[in-house]
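The structure appears right after this line, and notes come after that.
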Amino acid sequence: MRIKICGITQASQGRAIVQAGATALGFISVKASPRYISPKEIARISQDLPPCDRIGVVANASREEIVELARQAPLTGIQLHGNESPEFCQTLRQQLPGLELIKALRIRQTSDLEQSDRYQAVVDSLLLDAYHPQQLGGTGQTLDWQALRSFEPAIPWFLAGGLTPDNITQALTQLHPQGIDLSSGVERSPGDKDLDKVHALFQHLSRLT
Ligand SMILES: O=C(O)c1ccccc1NCC(=O)[C@H](O)[C@H](O)COP(=O)(O)O
């Protein structure tokens, strides 16, 4: 199980979260987000991290902006959290062959899952997140997990959206994603992670295995 904690803005918290068991850290490169962090800050935080996946989160950025982000920050992957088309993803994959591409799909209704078919050949992983009319991500809202029971894409997928230490067991009893992604559910405030909540998350996860 891949465990991504997203919205990292402090080096000490990033280190502690990986040491607690996270396999991936997410860095928000969306300027409208309260969790926004610059490429230079991502690079500074990354230099002292234990081994982990380092995912830059973008939304409707140009390919040139994404390539520049990847040049400035030592990322292992890019998470596309906007309305990026399969064609956009395919071209970006050719420009950044060494990076994992994760396409986030914001699910409002079950039929929104159908778009995953169009991405499976052009990205490495999918991430299902809650839809919100004003916020692209980090909403703290859960998806209808029951509606996802038959979701079995040909590529790995992350469950995101409103996951917390208190609901993760229920979520993973109903669904079997290859990864989970949390942000606000392990925070004191946007971008300020609560390490007690992070440790509680891993305690719950350890009881599942
Ligand atoms: O977290 C943000 O502020 C954000 C802003 C704009 C685009 C994406 C964003 N987050 C992407 C993530 O991968 C979050 O972890 C995901 O949306 C889940 O967030 P939460 O519901 O708070 O756990």
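Picking from ASP181, ASP117, ASP112, ASP196, which residue would you name as being more than 12 Å from the ligand (Cβ to nearest atom), closer than 25 Å to ARG15 by Cβ and not in a loop (DSSP other than H, G, I, E, B)?
Just a single option satisfies the conditions, and that option is ASP196.
Look through region 133-146, keep the residues that are over 16 Å from the mean Cα position of the chain (by Cα) and part of a loop (DSSP other than H, G, I, E, B), and return whichever of them is surrounded by the most Cβ atoms within 10 Å (Cβ to Cβ).
In this case the residue turns out to be ASP144.
Report yes if some residue within region 147-159 is surrounded by 13 or more Cβ atoms within 10 Å (Cβ to Cβ) and under 27 Å from SER189 (Cβ atoms); otherwise report no.
yes
Hey, could you check region 62-93 for residues that are of a type in the set (Gly, Ala, Ser) and away from the ligand (no atom under 14 Å from the Cβ) and say which is least open to solvent (accessible area, probe 1.4 Å)?
My answer is ALA73.
Only residues that are among the small types (Gly, Ala, Ser) and surrounded by 22 or more Cβ atoms within 10 Å (Cβ to Cβ): list them for region 160-183, please.
Of everything in region 160-183, those that are among the small types (Gly, Ala, Ser) and surrounded by 22 or more Cβ atoms within 10 Å (Cβ to Cβ) turn out to be ALA160, GLY161, SER183.
Any idea how many residues of region 145-167 are out of contact with any Leu (no Cβ under 9 Å at 6 or more places or on another chain) and within 14 Å of the ligand (Cβ to nearest atom)?
Counting residues in region 145-167 that are out of contact with any Leu (no Cβ under 9 Å at 6 or more places or on another chain) and within 14 Å of the ligand (Cβ to nearest atom) gives 2.
The rows are residues; the columns are (1) more than 14 Å from the chain's Cα centre (by Cα); (2) over 24 Å from GLY162 (Cα atoms).
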position	(1), (2)
ILE5	no, no
VAL18	yes, no
SER29	no, no
ASP53	no, no
ALA73	yes, yes
GLN94	yes, yes
PRO97	yes, yes
LYS103	no, no
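Consider GLU114 against the criteria (1) in contact with a Ser or Thr (Cβ under 8 Å, 6 or more places away or on another chain); (2) open to solvent by 30 Å² or more (accessible area, probe 1.4 Å): it satisfies all of them except one. Which criterion is unmet?
Of the numbered conditions (1) in contact with a Ser or Thr (Cβ under 8 Å, 6 or more places away or on another chain); (2) open to solvent by 30 Å² or more (accessible area, probe 1.4 Å), the odd one out for GLU114 is (1).
Tell me yes or no: at least one residue of region 55-66 is of a type in the set (A, V, I, L, M) and in a loop (DSSP other than H, G, I, E, B).
Within region 55-66 (the criterion being of a type in the set (A, V, I, L, M) and in a loop (DSSP other than H, G, I, E, B)), the answer is yes, since at least one residue qualifies.
Taking into account only those residues within region 117-132 that are among the charged types (D, E, K, R) and open to solvent by 30 Å² or more (accessible area, probe 1.4 Å), which is nearest to the chain's Cα centre (by Cα)?
Looking at the filtered set, the residue picked out is ASP124.
State which residue is surrounded by the most Cβ atoms within 10 Å (Cβ to Cβ) when the search covers only region 28-61 and only residues that are more than 16 Å from the ligand (Cβ to nearest atom) and among the small types (Gly, Ala, Ser).
SER46
Only one of (1) farther than 23 Å from LEU69 by Cα; (2) out of contact with any helix residue (DSSP H, G or I) (no Cβ under 7 Å at 6 or more places or on another chain) is not met by ARG118, so which one is it?
Only one criterion is unmet by ARG118, namely (2).
The values are calculated or read from the model by the stated rules, or taken from the named source; none is laboratory data. No experiment lies behind these values; they were computed from the predicted model shown. Reconstructed Cβ throughout: ideal geometry from the backbone, glycine too, with neighbour counts over all protein chains shown. When the accessible area is computed, the model is the full protein with side chains, heavy atoms only, and any ligands, DNA or RNA have been set aside. Shrake-Rupley method; radii C 1.70, N 1.55, O 1.52, S 1.80 Å.
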